[in-house]
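Encoded as structure tokens, the structure appears first; notes follow it.
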Amino acid sequence: RSAAARRCGCHLRSSAQLDDLSFSGEGLSVEERAGLEVAFAKRRVESDLKSIAFWGKVKGTDNDYLVAAGLGESLDYPQKQFFFCTSKSFALQALPALSDEFAAKAAGLAASRLKGDPSALPEGEEEVEEDEDEDAPKKERFSEVHRLAYAVAQIDRATAVVPRGAYLVSATHHVLRNAAFGGLDSTTAASLDNYYHFRAPEALARKSALERAGMVQSTDFLDSLAEDTPRGVWAVRVDRGGGVATLRSLLYPGYFFFHELGSGNFGGAYFGYGQVNGDIGFMV
């Protein structure tokens, strides 16, 4: 495998890794792969991101959104910045930060499909004529790009999987990729206890982990998938013959994760409609 593949994080650092998710039945076209490779290279030059990776595809009724996740410098947990483009144009744009008002609006519309037009207004709202005063500050209007930002944030919070031991806390209490990570074996890979969410922890006991003096154990600073509620929102499968473990989310259908056993190769991506599974309570 290429060095890029071995260095992958919780998202796909190399388009070649899409082949590792072939079990999902999802993927990108040749045009989409090529377009994103160019867009990623351009974004790396233009920004101070440490890395940028393919996050997933959010399917719209008219066009699809291709989403990327970038990692920037941080004093503790890595900070993610999300970018998007449509399936018709590969110019990456940053997803906007959401105010409480816009997040609440997006949550209220989460049950309806996205169109694939970032400037589309909610149904029933009309375009407002621009103020003739060019110096007047323009009020940001709620549009589909804010709905996309909300969906991506919710999905990433609930997924973004990494295996146990793939990240560590340095002596300066920075969360870093573990260069010595050699992968899980077939036994440990079968347990959800050995997979974690790559985000700042939400469990109270772990929130202050980086503030404590001394060594921080790998189980102390990230939340385990085994603690997700409701129980049973993850399906894990180990193919001993193929040497790979796979996970899929039942809460957000379309998120898939793979880990090549005994190696540092792993990654995940989302291919779906950006919607939570409303029937999850009846399935688990």
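The values are calculated or read from the model by the stated rules, or taken from the named source; none is laboratory data. Given the structure is predicted, the values throughout are model-derived calculations rather than measurements. Side chains are part of the model used for accessible areas, which takes the heavy atoms of the whole protein and leaves out ligands, DNA and RNA. Shrake-Rupley method; radii C 1.70, N 1.55, O 1.52, S 1.80 Å.
Worth pointing out:
- For segment 140-204, the orientation-averaged shadow of the C-alpha convex hull comes to 7.3 nm² (one quarter of the hull surface).
- Rounded, prolate or oblate (a/c below 1.5 giving rounded, otherwise prolate when a/b exceeds b/c) for segment 224-271 by Cα gyration tensor: prolate
- Prolate/oblate/rounded call for segment 134-284, Cα gyration tensor, a/c under 1.5 rounded: oblate
- Using a probe radius of 1.4 angstrom, the carbon and sulfur fraction of the accessible surface of the chain is 50%.
- Share of pairwise Cα-Cα distances greater than 35 Å in the chain is 18 percent (whole percent).
- Sorted from longest to shortest, the spans of the Cα atoms of segment 15-168 along the three principal axes equal 53, 38, 30 Å.
- Over the Cα atoms of segment 21-98, the radius of gyration divided by the Kirkwood radius equals 0.99; this is the Rg/Rh ratio.
- Amide H contacts under 5 Å for Tyr195, placed H, 5+ residues apart: Arg164, Leu225, Ala226
- Tyr150, Tyr167, Tyr273, reordered so the largest accessible area comes first (probe 1.4 Å): Tyr273, Tyr150, Tyr167
- Going by accessible surface with a 1.4 Å probe and the largest first, Lys207, Lys115 read Lys207, Lys115.
- Coarse-grained scattering of segment 73-124 at q = 0.16, 0.27 Å⁻¹, given as base-10 log I(q)/I(0) from a Debye sum over alpha-carbon atoms: -0.68, -1.21
- Computed helical MRE - 222 nm, the chain, DSSP H runs ≥ 4 contributing -39500 (n - 2.57), nearest 500: -5000 deg cm²/dmol
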